[in-house]
Amino acid sequence: MNQMTDPKLAATNPMLRVTDLTHRVSLETDTLTILQGVSLEINRGESVAIVGRSGSGKTTLLGLLAGLDTPTEGKVELDGAEISSLTEDQRAQLRASRVGFVFQSFQLLPALSALENVMLPLELAGMESPEARAKELLERVGLGERLSHTPRQLSGGEQQRVAIARAFASDPVILFADEPTGNLDNRTGQAVSDLLMDLNREQGTTLVMVTHDEHLAARCGRQLQIEAGVLTEPEAARELAD
Amino acid sequence: MAAAKKLMSVRRDWRERDVRVVLVALVIAVATVATIALFANQLQRTLVSSASSFLAADRQLEAENGRPVPAEWIDEARERGLETGQLIEFSTMVFGEGGFQLVSVKAVSDEYPLRGEIEIQPGSDAPRQTVGAGPGRGEIWVNPRLLRLLELEIGETLEVGNLELEITSLLIREPDGGFRLSSLAPRVMIHVDDVPGTGVIQEGSRAEYVYLFAGPDNLLDDYYQWLEPRLEPSHEWESVRDGETFSRSLERAERFLLLGGSLAVLLAAVAVAVASRQYALSQRDTVALLKTLGLSSRGIGGLYLRRLALWGIAGVIGGLLVALPLFWILVRLLSDVLEQPVDFHLAPSALLPALLTALVSLFAFAYPPIRRLRNVAAMRVLRAQPGESGRDAIPDIAIAILAVFGLVWLYAGEVALVFALLGGLALLLAVLALVGGLMVAVLRRVRGGGNAWRLALVGLYRHRQASMAQMAVFAMTLMLAATLILVRTSLLDDWQAQLPDNAPNHFLINIAPDAVDEVEAFWAERDAPLDTVYPMVRGRLTELNDQPVLEAVSKDERIGALNRELNLTWMAELPEDNEIVAGEWFAPGDTIGVSVEAELAERMGLVMGDRLTFTIGSETVTEPVTSIRTVQWDSMKPNFYMAFPPGGGLTDMPGTWITSFHLDEGNKVALNEFSRRFPTVSVLEIDHIIERIQQIVRQVTQAIEAILALILAAALVVMAAVVSATLRDRQREGALLRTLGGQQSLLARSTMLEFALLGFVAGIMGVLAAEAAVYALQVRMFEGTFRWHWQVMLPIPFISAALLALFGRWQLRPVLSVSPMLLLRRLE
């Protein structure tokens, strides 16, 4: 599919490598440290859950890993590219070609139909006829009959399924999911996470997911706990809590 | 309820963008209308007072019978609080060292002029200056040409009848330098109290007594009410509006201002309608929530009505706060342009249209979509309900059209204008629907992106609903602005064409029939060829269908032309600028009939075949009316109420010939030689009048430009408001596109292209609709002829494309400047 699946490269390079990442935001009076000295590695094909309480910094970490923002200190290497050294446009290109997103609040454009929402990243990537691919994905997530419906006409679960179809549309090598079931009831959430996991397996995508849903986290190959901006192994976290 | 009330506070409202747009639109509406109304009012006053200086007063009473009017008439005017002044005009011989010369004397009282100023030159090398009063007793001011004719210098004396007067200044220009036939000879000005001393005016002398009046319109009108029954046929009451030369220029300027005002109202209405609809849509969730909490439909209606009233008050106050300083600046600019101080006049009545506009904008344009909020289902809280269908908006549109109709009618007072505008708008919307449908059909095929162009096209399709709505508003705004630009351009062109640089500025009158060829040769040699030379016979219209004319014509009509001698002529060809409106022009060889000027014919109620009897000296001539024709009184060429065919009724009547021609300032010396060679021919110099008219046209032009600029600014704001109506959606989309990997530069380019395309198409349609509206307007309102205006129109689509591209870029600014993560969080 692309060079990233080259086994040699895959062997030598982790999908994601974070070294001494620290992130601060300036408020009016002082500076707030959101992440402190985070280091981690995620291998190709791995599925990783980042868990933690609200406000622990997990969503910020996810954004930094995905190159939506740049850290104050430290390095993030995504598929071999050092994010801080890239320009904003280069980061955008990286996202367009290799990264997929699923958000807690779905982030579908209300004016567009389900089909058009899924076509959006394909159009951005310059695909010639994105319609067929978008339809195929919507059929895969079970919405083949609802192509022309706008988000308002879809239930929450259906909206998230459109978002998942969109995330996989551009064949990403890594998928970032931010509380993908956070706005859904248990059963719908279960169905959506099944879909996410299945597609992830089918496409061989690396998955990084932020969640506080323990069941969902348990379905991932590895779990990272984050507390007050510091990354800990879950076992260690439990000990601390005790 | 306390919480609900808090939810409804204006302060909270202000934090909502859609409300800000409604309020800003309202402020613009009120400010624009108030500024235009105030300024138009001021301009009106300034123009009238500027025009008044043509009479040197607001009104003149002329006694052509050579007798002063009873003193009590003037006393009455003074008692009523009017300013008065007097002048006597007569012709006489003056004697200087170098000989004698027939002059036209204007003897003025201390008060003269009540309006305007006199321009003099106190020495041959001294600079010209303007003064507010005429010469004192014992002084005489003279036309520079007279000085040369009599070989006199300033400081020497001139004999007028029995009196020796000292020449103290050259008379360059008098405000009321009208072209009456009595003022043929070079002009001199003296003090009215010196007139008895000259002994020139005896019982029965040909002198014209003119009385000047100035004051507020209502006092003048009251006075005229009192005076009218006392007037004799030889008395003529003149106001600025009667001045043929220029009332039409004034009228056109006035109409333009009204048209501008109406268009401003339309623009404002569009802005308010768009913003309030947007607001209503954004309020649906809130209303559903309030209903869920138990508020009734009535309660919701009341809440929003109160809210609307609050906006209205805020909008009016805000609008006036903007309008007043703006008005002050415009008045200052006006006074700079006019090179004379303009008295700042704040007419409270001029604020009424602004209040009315605010009220109508709110209740006809803003209220309907907000009113429908009452119908929002509470179920919406739980689940999205189908949105509004277009059908719901039909009553809104009907109300809006009625309101527009009413407002434009009220402001412009012209049904034709209303229909022209509404017709243009209807046509525009029909074409828009068609073009929009076509565009969507074509764009549907465009899929996939990659480059900015394709992304822009995909974007247009993606936003088709919003795009079409915005395009309609842009096209309408552009149409209104383009209409105004077009009307202004053709108005100015017409004026320019009316008084070209080589317009005739001298009349030759009283040419003896056997001298016509010689006179023509004289001027041809001096590169100042004469226009057509017409015979002129003085005669009075005495009978209509064998009845005395004053009895035959309706008593309500006071027709000056019937009270004095008319200039009659014969001609074979219809003058170029005349137009036959009824009957037919004389065929070659015709000797029967008379052609009558259209306005006079209408006031007299003449129809083809009516028999007119003229008394010429001791003879009478009776001819049937065979045609009615329009006359360009302001053409500065000889014009005639009555024209006979060659060999017709006027043949063998004693007459002289008249013509006009253009003479350059530098060539004026030739007039001296001409006067010596043709002493009996009278030269009427009207170059100063023409210059004055051109100056006034320039003033009006400047004012029109100022108002146009104001309205274009309003149009820009409307467009900005409409673009920002979709700001949130656009920003959200931009943020998401960036997250999904859209590059900043690509996003910026494609958005600019998308808006540019929108602006270009809207521009083309707006321009076409404007041409259609102008076609209707031009023919009806401004009595002009229609021309296409490619050079004016061509740039508009490009300008609109560029403007919208900039708007689009500006809208995207926050999306491009921060990290996608921050954007998504902000928009969540």
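The values are calculated or read from the model by the stated rules, or taken from the named source; none is laboratory data. Bear in mind that the values here come from a model prediction, so they are computed numbers and not experimental data. Because the Cβ atoms are built from the backbone with ideal geometry, glycine has one as well, and the counts that use them run over all protein chains shown.
Structural remarks
- Within the stretch B:721-744, considering residues that are crowded, with 20+ Cβ neighbours inside 10 Å and more than 11 Å from every other protein chain (Cβ to nearest Cβ), the one farthest from residue B:22 (Cα to Cα): B:723
- Scanning the stretch A:129-139 finds no residues that are surrounded by 19 or more Cβ atoms within 10 Å (Cβ to Cβ), out of contact with any helix residue (DSSP H, G or I) (no Cβ under 6 Å at 6 or more places or on another chain), at the interface with chain B (Cβ under 9 Å from one of its Cβ atoms) and in a loop (DSSP other than H, G, I, E, B).
- Of all the listed residues (B:745, B:724), the sole one being polar (S, T, N, Q), over 42 Å from the mean Cα position of the chain (by Cα), assigned to a helix (DSSP H, G or I) and assigned by TED's automatic domain parsing to the domain that holds residue B:480 is B:745.
- For the stretch A:57-77, the count of residues that are away from chain B (no Cβ under 12 Å), free of Cβ contacts under 8 Å to residues at least 24 places away in the same chain and surrounded by fewer than 18 Cβ atoms within 10 Å (Cβ to Cβ) is zero.
- Breaking point among (1) within 14 Å of chain B (Cβ to nearest Cβ); (2) under 17 Å from the mean Cα position of the chain (by Cα), for residue A:180: (1)
- Residue within the stretch B:550-569 that is at pLDDT 90 or above and closer than 14 Å to residue B:642 by Cα present: yes
- Remark: pairs (first residue in the stretch B:113-132, in contact (Cβ under 8 Å) with a residue 24 or more places away in the chain; second residue in a strand (DSSP E or B) and of a type in the set (Asp, Glu); Cβ separation under 6 Å; 6+ apart in sequence or on different chains) = B:114/B:83; B:128/B:119.
- Identity of the residue in the stretch A:199-221, more than 12 Å from residue A:167 (Cβ to Cβ) and of a type in the set (S, T, N, Q), that ends up modelled with the highest pLDDT: A:206
- Only one of B:383, B:391, B:374 that is part of a loop (DSSP other than H, G, I, E, B) and either on the phi < 0 side of the Ramachandran plot or at pLDDT below 70 (or both): B:383
- Every pair of residues 6+ apart whose Cβ atoms lie under 6 Å, when the first sits in the stretch B:158-178 and is in the same structural domain as residue B:106 (by TED's automatic domain parsing) while the second is among the acidic types (Asp, Glu) and in a loop (DSSP other than H, G, I, E, B): B:167/B:156
- Breaking point among (1) within 11 Å of chain B (Cβ to nearest Cβ); (2) surrounded by fewer than 20 Cβ atoms within 10 Å (Cβ to Cβ); (3) more than 30 Å from residue A:158 (Cβ to Cβ), for residue A:23: (2)
- Filter result for the condition that a residue is in contact with a His (Cβ under 8 Å, 6 or more places away or on another chain), of a type outside the set (Val, Ile, Thr) and either surrounded by 22 or more Cβ atoms within 10 Å (Cβ to Cβ) or on the phi < 0 side of the Ramachandran plot (or both), over A:113, A:105: A:113
- Residue A:162 passes every criterion in (1) in contact (Cβ under 8 Å) with a residue 40 or more places away in the chain; (2) away from every other protein chain (no Cβ under 12 Å); (3) crowded, with 24+ Cβ neighbours inside 10 Å; (4) under 14 Å from the mean Cα position of the chain (by Cα) apart from (4).
- Within the stretch A:88-115, restricting attention to residues that are more than 9 Å from every other protein chain (Cβ to nearest Cβ) and outside any helix (DSSP H, G or I), the residue that is nearest to the chain's Cα centre (by Cα) is A:102.
- Matching residues in the stretch B:650-675 - criterion: being in a loop (DSSP other than H, G, I, E, B) and free of Cβ contacts under 8 Å to residues at least 60 places away in the same chain: B:652
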